[in-house]
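*Asks:* My questions all concern the structure below.
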Amino acid sequence: MRKECNDKIRFKDLRVACPWLPDRKMFDSYIDRIFTSGQLTNNGPILQEFSDELRKFLNVKYVVPVANGTLALQVAYSILGINKKIITTPFSFVASTSSMAWQGIKPVFSDIDKYSLCLDPDKIVKNICIDTQAILPVHVYGNICDVEKIESIANKHKLKLIYDASHSFDIYHNGQNILSYGDISTISFHATKLFHTIEGGAIVANNEEDYSKIMQAINFGYEEGIIKSLGINAKMNEFQAAMGLCLLKEYPAIKERRKKIYDLFRNYFDRLEHITLPSFKAQNYSYFPIIFRSPDNLKRTVTRLERINIFPRRYFYPPLNRLPYIENGNLCEVAADISERILCMPMHHDILESDIQEMSRIVEGEQ
Ligand SMILES: *Cc1c(COP(=O)(O)O)cnc(C)c1O
């Protein structure tokens, strides 16, 4: 097969993610259609086809593809009328918090569970106050939050529930796609994610009312040519949708390839004594995080890996309650500790067994 991302420079540059590129002929056939139709964006035929295919693939009621995963979150807050405070996790990618700050919403940080690395449901309630309007948990690395407990808290306290499911493509819980949980779930289709549309994302809604609000909101508030509400521009374009259609078709191959590589990783890393691997309730083979005994072990390992041009990433560091534009609020001890010691290894379709062996050797040697 193709997919040699770093073909010539192979061992010189191994990054944490490597975007999958589809079969060129298939992609070109969509590009030809765009050149023939002349329609580049504004809910064109290829986007409509992608929306349909995506809804079928995900098996959810309503899904709206958008320009990126950050806008997906911002649109979700806006159509649910959230403008004060949201309880969220400090252990995530910056966008789950920056999207709130950008909307003038105050994030209130609640600590994570040290096993799942997702919001600890037992710590949420004490952070609820009069201005709390919603909870935003993140299914970190595609793992699954305690959706049952969190939902009952949200119901009891009449809070909206929005899941940042950016990492959760193809994740199921009790036979249901994880994206169908909460009032709304959002996902990112950024190039570095498991499934991508170059830049992109989607909003999953569970009722028709929210769906039509989202459709208006992403297109300046227009409905049938009339401005009905305050909106923004979050539209996905035809080229992004073309990439999405290609990768949906190739997804079974992507998954198979990643599973093989993930299994090899487990093979080499399971036996290492000085690190631990988080244990997940679900797995889509998109990240390979390892937890060191101490921040020093982590830093020394990173130095040694970088010396041979292997670039792991400190996902997620720092914890989001320490962002420079965030008021110092709750201390979240578990998140603070984990984020100092966790490292995501380069894991994607283009990694060789010899790379994995080399990485495990270095990780083991540095304890
Ligand atoms: C990637 C990501 C986002 C943002 O998605 P973009 O498409 O890059 O805007 C939001 N939240 C989490 C947890 C992410 O990993």
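The values are calculated or read from the model by the stated rules, or taken from the named source; none is laboratory data. Here the structure is a predicted model, which is why all the values come from computation and not from measurement. A quick note on method: Cβ atoms are made from the backbone with ideal geometry, for glycine too, and the neighbour counts reach across all protein chains shown.
*Asks:* Consider only pairs whose beta carbons are under 9 Å apart and that are at least six residues apart or on different chains; among these, list those whose first residue lies in the range 82-106 and is at positive phi and whose second residue is among the polar types (S, T, N, Q) and more than 10 Å from the ligand (Cβ to nearest atom).
*Replies:* 104/83
*Asks:* Ok, one more. Between residues in the range 140-152 that are in contact (Cβ under 8 Å) with a residue 12 or more places away in the chain and residues that are assigned to a helix (DSSP H, G or I) and within 16 Å of the ligand (Cβ to nearest atom), which pairs lie under 9 Å by C-beta distance while being six or more apart or on different chains?
*Replies:* 142/178; 144/178; 145/178; 147/178
*Asks:* Sort out which residues of the range 81-101 are more than 12 Å from the ligand (Cβ to nearest atom), more than 19 Å from residue 334 (Cβ to Cβ) and touching a Ser or Thr at 6+ places or on another chain (Cβ under 7 Å), and write them in order of number.
*Replies:* Residue satisfying the conditions is 85 alone.
*Asks:* Additional query: In the range 167-199, what residues are of a type in the set (Val, Ile, Thr) and farther than 16 Å from residue 76 by Cβ?
*Replies:* Kept after step one, since they are of a type in the set (Val, Ile, Thr), are these residues of the range 167-199: 171, 178, 184, 186-187, 192, 197-198.
Across the range 167-199, the qualifying residues are 171, 192, 197, 198.
*Asks:* Look at residue 232 and say whether it is within 16 Å of the ligand (Cβ to nearest atom) and either under 23 Å from residue 56 (Cα atoms) or out of contact with any Asp or Glu (no Cβ under 8 Å at 6 or more places or on another chain) (or both). Break it down into steps so the answer makes sense when it comes.
*Replies:* On the way: within 16 Å of the ligand (Cβ to nearest atom): yes; either under 23 Å from residue 56 (Cα atoms) or out of contact with any Asp or Glu (no Cβ under 8 Å at 6 or more places or on another chain) (or both): yes.
It is true that residue 232 is within 16 Å of the ligand (Cβ to nearest atom) and either under 23 Å from residue 56 (Cα atoms) or out of contact with any Asp or Glu (no Cβ under 8 Å at 6 or more places or on another chain) (or both).
*Asks:* Among the residues of the range 306-354 satisfying the criterion of being of a type in the set (Ser, Thr, Tyr) and touching a residue at least 40 places away in the same chain (Cβ under 8 Å), which is surrounded by the most Cβ atoms within 10 Å (Cβ to Cβ)?
*Replies:* Narrowing the range 306-354 to residues of a type in the set (Ser, Thr, Tyr): 315, 317, 325, 339, 354.
If we keep only those that are touching a residue at least 40 places away in the same chain (Cβ under 8 Å) too, we end up with 315, 325, 339.
Working: 315: 18, 325: 7, 339: 22.
Among those residues, the one meeting the criterion is 339.
*Asks:* While we're here: Give the residue that is surrounded by the most Cβ atoms within 10 Å (Cβ to Cβ), with candidates limited to residues of the range 107-117 that are on the phi < 0 side of the Ramachandran plot and touching a helix residue (DSSP H, G or I) at 6+ places or on another chain (Cβ under 6 Å).
*Replies:* Keep residues of the range 107-117 that are on the phi < 0 side of the Ramachandran plot, which gives 107-116.
Adding the requirement that they be touching a helix residue (DSSP H, G or I) at 6+ places or on another chain (Cβ under 6 Å) leaves 107-112, 114.
Details: 107: 24, 108: 21, 109: 23, 110: 25, 111: 24, 112: 29, 114: 14.
It comes out as 112.
*Asks:* Filter the range 269-298 down to residues that are of a type outside the set (A, V, I, L, M) and under 16 Å from the mean Cα position of the chain (by Cα) and give me whichever is surrounded by the fewest Cβ atoms within 10 Å (Cβ to Cβ).
*Replies:* Taking the range 269-298 and keeping what is of a type outside the set (A, V, I, L, M), we get 269-271, 273-274, 276, 278-281, 283-289, 292-297.
Still in the running and under 16 Å from the mean Cα position of the chain (by Cα): 280, 283-289.
Details: 280: 18, 283: 16, 284: 22, 285: 22, 286: 22, 287: 23, 288: 23, 289: 23.
Filtering first and then ranking leaves 283.
*Asks:* Of the residues 128, 124, which single one is more than 14 Å from the ligand (Cβ to nearest atom), modelled with pLDDT of 95 or more, over 21 Å from the mean Cα position of the chain (by Cα) and crowded, with 19+ Cβ neighbours inside 10 Å?
*Replies:* Numbers: 128 fails: crowded, with 19+ Cβ neighbours inside 10 Å.
The conditions single out 124.
*Asks:* A further question follows. In the range 179-214, what residues are part of a loop (DSSP other than H, G, I, E, B), more than 14 Å from the ligand (Cβ to nearest atom) and either touching a Cys at 6+ places or on another chain (Cβ under 7 Å) or free of Cβ contacts under 8 Å to residues at least 60 places away in the same chain (or both)?
*Replies:* Of the residues in the range 179-214, the ones part of a loop (DSSP other than H, G, I, E, B) are 181-183, 189-200, 206-207.
Filter once more, so that each one left must be more than 14 Å from the ligand (Cβ to nearest atom): 181-183, 206-207.
Correct list: 181, 182.
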